[in-house]
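Here is the structure we will look at, set down as structure tokens.
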Amino acid sequence: MTPSMSVTAALPPVVVFDLDGTLWNPEMYQLWGSGGAPFRHAGSSPTGHVVDKKGNKVDLIGDTREVLASLIPAVASGVTCLAVASTCDEPEWARELLHLFRITNTDSATHVPLMSLFKGPVAIYHAPSKVEHFTEIQELTGVPFHDMVFFDNQRNNIDAVSRLAVHCVYCPEGLTRHYWDQGVDMWTRGQASAPRGGHRARDTAATAAGSGRL
Ligand SMILES: [Mg+2]
């Protein structure tokens, strides 16, 4: 675990992930043509890949398992709030996968559903731009855009959301530790350069985690 992935390191109050091509592959539209839901675990490992009804493999990519596992304590304590901004073509399939994939909680030696890590909005729907998803996330969390970090594998989404002043990381190969560290560093530098109090990040994280609308 790198220092920036430590639970004691400062983390962005809200972290938002795309799904298709960022946390998992293939993209859901690629399963069209007798594939898709229902999905089931393949093999004996509870944290392994899954297959669709046609037998197509769907798996978490890059360092998604490692990065998200490292965030479990911070999510549980409200230090950071994870959310989803996705235009997935099959939202219900995506939600099924979020419940089916398991992430290992190394502290308790248990495997928790990926969905359980997303205490923030899980926004999965088509829209002209992911600006709509972020407007919803901002309204529901009360956290300003400049205290959010976003990971996405499509440049057009990165370009659109960057205009909101969200710290955006382009992840063409999916979420990796390198990209994660890059996102945290971008937010940290933003905190350092902004003329505001040192407790601001923690305050906004508490706002996100404590919102009754989440
Ligand atoms: Mg994507």
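The values are calculated or read from the model by the stated rules, or taken from the named source; none is laboratory data. Treat the numbers as computed from the prediction; the structure is a model and nothing was measured. In this analysis, Cβ positions are derived from the backbone assuming ideal geometry, glycine residues included, and neighbour counts consider all displayed protein chains.
Selection of the stretch 171-184 for residues being among the hydroxyl-bearing types (Ser, Thr, Tyr) and in contact with a strand residue (DSSP E or B) (Cβ under 7 Å, 6 or more places away or on another chain) yields only Tyr179. Restricted to the stretch 133-157, and to residues there that are assigned to a loop (DSSP other than H, G, I, E, B) and within 16 Å of the ligand (Cβ to nearest atom), the residue that is surrounded by the most Cβ atoms within 10 Å (Cβ to Cβ) is Asn153. The condition (being assigned to a loop (DSSP other than H, G, I, E, B) and more than 29 Å from Thr47 (Cβ to Cβ)) is satisfied by just one residue among Leu175, Leu164: Leu164. The set of residues in the stretch 99-118 that are touching a residue at least 40 places away in the same chain (Cβ under 8 Å) and touching a Leu at 6+ places or on another chain (Cβ under 6 Å) comprises Phe101, Ile103, Leu114, Leu117. Elements of the type strands (runs of 3 or more DSSP E) sitting completely within the stretch 47-126 and holding at least 1 residues that are in contact with a strand residue (DSSP E or B) (Cβ under 6 Å, 6 or more places away or on another chain) and surrounded by 21 or more Cβ atoms within 10 Å (Cβ to Cβ): these cover 57-60, 81-86, 102-105, 122-124. Scanning the stretch 158-180 for residues that are over 14 Å from the mean Cα position of the chain (by Cα) and within 23 Å of Asp59 (Cβ to Cβ), we see that the one that is surrounded by the fewest Cβ atoms within 10 Å (Cβ to Cβ) is Pro172.
Considering the stretch 72-127, the residues that are among the hydroxyl-bearing types (Ser, Thr, Tyr) and in contact with a Pro (Cβ under 7 Å, 6 or more places away or on another chain) include one that is nearest to the ligand (Cβ to nearest atom), namely Tyr125.
The residues on offer are Val184, Val169, and the sole one that is within 24 Å of Pro26 (Cα to Cα) and either assigned to a helix (DSSP H, G or I) or not charged (D, E, K, R) (or both) is Val169.
From the list Val7, Val16, the one residue that fits, being modelled with pLDDT of 95 or more and either under 28 Å from Asp107 (Cβ atoms) or assigned to a loop (DSSP other than H, G, I, E, B) (or both), is Val16.
Might you let me know whether the stretch 70-86 holds any residue that is farther than 21 Å from Thr141 by Cβ and of a type in the set (A, V, I, L, M, F, W, C)? Taking every residue of the stretch 70-86 in turn, none turns out to be farther than 21 Å from Thr141 by Cβ and of a type in the set (A, V, I, L, M, F, W, C). Scanning the stretch 10-40 for residues that are within 16 Å of the ligand (Cβ to nearest atom) and among the hydroxyl-bearing types (Ser, Thr, Tyr), we see that the one that is surrounded by the most Cβ atoms within 10 Å (Cβ to Cβ) is Thr22. Among the numbered conditions (1) surrounded by 20 or more Cβ atoms within 10 Å (Cβ to Cβ); (2) over 17 Å from the mean Cα position of the chain (by Cα), the only one that Gly43 does not meet is (1).
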